[in-house]
Amino acid sequence: RYQCHILSLPGFAGTPAVTADSTWVPRMRDAIIGYVRTERLDKPVLIGHSLGGYLALDIAATAPDLPRAVVNVDGMPFLPAASFPGSTVATVRPMAAQMRRQMTAGISAMPESAMDAQLRTLVRDTTRLPMLRTMQRTSDPATVAEAMYALYTTDLRPAMQQVRVPVLNLHAWIAYKGYGQTRARMDTILADQYAGLQRHTTRLSDTAYHFIMFDEPAWFMQELRAFLGGG
């Protein structure tokens, strides 16, 4: 019952890269806003996963009248605060810079076993590993590094007060149980992340990893349909 516009960001999963610098993330945000306006899309629902969820929230804060609603799938307004409560942009910037240097070096030489070990912390459904491995290997390292640096050094939490539309936040936590994460702690983290949102619903899966739509597709679609008014 919906018309879907599926957007691929340049530099990810084999798409041609563009210049990756400190303006990359805001350029992607503005490009999507421009696309919606050029295509004359009337109040679209913005659905994004991870970086895409962050961008959807950023778009809704930057252009409050553009979307009808936002579905944020395991993205966060300020990612570092999920692991380091109380962190600020200033405190995480040195770590983020080191991470960017390491990621820019690329993963082409990473053994398949090491890559799969990393991916297994992000997806429980192991049938998805070949696809995700290909997507990872064909992504531009400089683009991925710059995007991650932006997620670590931009705090969107204050801007959440500018979001006027309903937001559905779908999150996972169980993959990090072995590192001390608990459901109660994740509830606290998410309450801090979305304190500025006026109209939001946050749902937490107890079984899915980061790729929620792969690990729990039925639950994901049930939440999405309920939010969109489809029962």
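Just so you know, all these numbers are worked out from the coordinates, no wet-lab data involved. Treat the numbers as computed from the prediction; the structure is a model and nothing was measured. Note that each Cβ is placed from the backbone with ideal geometry, even for glycine, and that neighbours are counted across all protein chains shown.
Things to note:
- For Asn169, the amide hydrogen comes within under 5 Å of the amide hydrogens of Asn72, Thr201, Thr202, Arg203, counting only partners 5 or more places away or on other chains and with H modelled in the peptide plane.
- Modelled spin-label separation between Gln198 and Ala114, with each label point placed 7 Å from Cα along the Cα-to-Cβ direction: 4.9 nm.
- Alpha-carbon centroids, region 202-231 and region 47-65: separation in whole Å: 18
- Here the Karplus curve 6.51 cos²θ - 1.76 cosθ + 1.60, taken at θ = phi - 60°, turns the phi angles of region 41-56 into couplings of 6, 8, 6, x, 8, 8, 10, x, 10, 6, 4, x, x, 4, 5, 4 Hz, with x standing for Gly and Pro.
- Highest mean packing first, where packing is the average number of other Cβ atoms within 10 Å per residue, the peptides 71-80, 203-212 line up as 71-80, 203-212.
- Region 91-231 shape via C-alpha gyration tensor axes, a/c threshold 1.5: oblate
- Residue-wise HN-Hα couplings along region 219-225, as the Karplus relation 6.51 cos²θ - 1.76 cosθ + 1.60 with θ = phi - 60° gives them from phi, are 4, 4, 5, 5, 5, 5, 4 Hz; Gly and Pro carry x.
- Two numbers describe the Cα atoms of region 142-221: Rg and Dmax, which are 14.2, 37 Å.
- Within the shell of other residues whose beta carbon sits under 12 angstrom from the beta carbon of Asp65, the net charge comes to +3, with Lys and Arg scored +1 and Asp and Glu -1.
- Shape category assigned to region 54-139 from the gyration tensor of Cα positions, a/c cut at 1.5: oblate
- Backbone HN-Hα couplings from phi across region 188-199 [Karplus 6.51/-1.76/1.60, Hz, Gly and Pro as x]: 5, 4, 5, 4, 5, 4, 10, 4, x, 6, 7, 9
- Highest average first, the peptides 45-56, 180-191 ordered by how many other beta carbon atoms sit within 10 Å of their residues are 45-56, 180-191.
- Packing-based ranking, highest mean first, of 5-11, 161-167 given that Cβ atoms within 10 Å are counted: 161-167, 5-11
- Whether region 27-87 is rounded, prolate or oblate, judged on the alpha carbon gyration tensor where a/c under 1.5 counts as rounded: prolate
- The length gained on full extension between Thr138 and Ala226, counted as 0.36 nm times the residue separation minus their Cα-Cα distance, comes to 28.2 nm.
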